[in-house]
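Notes for the one structure printed next.
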Amino acid sequence: MKYADRSGHIHGRENTQDKLLRTLYNSLPGCLILKPLVHPCISRIGGYFLDSPLSTFLIRPFVRSSGISLRGCETPAGGAYRSFNAFFTRSLKETARPFSQDPDILCSPCDGLVSAYPISRKQHLSIKHTDYTVSQLLRDDKLASRYMGGTALVFRLTVSDYHRYAYIDSGLRSSYRRIPGVLHTVNPAAAVCRPVYKENTREYSLLRSRGFGTVLMMEVGAMMVGKIVNHHKAYTRLDVFRGQEKGYFAFGGSTVILLFEPGQATVDKDILRNTALDIETKVKMGEAIGRRP
């Protein structure tokens with residue numbers, strides 16, 4: 001999968017995970033092997049292991065193979081991570097991902113590879129090489145109609161990305177809605193055999209923001225991600241601030257989606273241009289990716 005950095009340089013190579021999944025999804029034996037692996041029970045068992053001290057031996061080789069820098073990370077209690085997931089969901093120091101306090105600047109809610117799409121009733125969003133309407137994502141035609149004519153931003157997090165995400169603006173957050181589904185990998189190779197988002201567990205809430213209208217923010221889980229950990233779920237309404245942590249993903253590649261109402265956000269031209277060329281754009285949490293019109 002090709003992606004571009006903000007300097008305009010194009011990158012792209014298939015890693016070991018991509019090759020393995022492509023083999024699984026492009027062969028009948030592979031699909032037969034994969035079917036039981038995406039069952040929620042199997043995902044939970046894998047999650048228990050990654051939460052246990054037995055999984056700590058995976059951390060060092062994962063850091064090397066993924067090229068992860070630990071600079072800017074908070075020091076774990078006791079000086080060492082107690083499990084692989086404790087490492088994977090590690091916190092950064094507050095200064096590591098600063099958000100602009102300019103109310104006109106739209107900042108990325110997370111690290112990842114972003115694409116931008118216009119929203120209309122007939123227009124399908126190309127998400128992981130599969131076409132979906134906003135109604136299919138939300139399972140709510142009335143809510144989807146609110147965003148017709150607006151903009152969708154899709155952030156694909158790879159395993160080497162920082163897996164915590166934040167609110168893009170200050171405002172009033174609604175309660176969460178959870179859409180259950182079979183946990184399924186969101187790697188692009190998966191779309192060869194079947195749609196991805198129709199099977200993935202996802203959660204979303206609405207943010208009545210100060211500068212960008214009512215923004216819908218959705219988190220999508222993946223295979224081996226039994227937990228989308230959103231904070232303060234007991235509150236049906238909650239005042240939040242720009243850059244405040246909203247939650248995090250456990251191990252696996254995952255996705256964050258932002259939906260904007262018409263006329264509420266202008267996305268940077270390089271991101272729009274790259275998306276038109278089927279190229280994702282690499283961004284960091286807090287990085288400027290657009291403006292208020």
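The figures follow:
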quantity: At R0 = 45 Å, FRET efficiency that the Cβ-Cβ distance of M148 and C41 yields, to 0.05; calculated: 0.70
quantity: Within straight-line cross-link reach of K284, aspartates and glutamates at Cα separation under 13 Å, skipping those fewer than 8 residues along the same chain; calculated: D5, D111, D161
quantity: S160/A276 FRET efficiency (R0 35 Å; Cβ-Cβ; nearest 0.05); calculated: 0.85
quantity: Extension gain (nm, one decimal) between S7 and S52, 0.36 nm per residue minus Cα-Cα; calculated: 12.2 nm
quantity: Ranked packing of 76-88, 110-122, 58-70, most packed first, by mean Cβ within 10 Å; calculated: 110-122, 76-88, 58-70
quantity: Electrostatic dipole magnitude of region 43-172 [Cβ: Lys, Arg +1; Asp, Glu -1; Cα centre; debye, to 20]; calculated: 400
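We did not get these values from a lab; they are worked out from the coordinates using the rules stated. These numbers were taken from a predicted model, which means no experiment stands behind them. Glycine also receives a Cβ, built like all others from the backbone with ideal geometry; neighbour counts cover every protein chain displayed.
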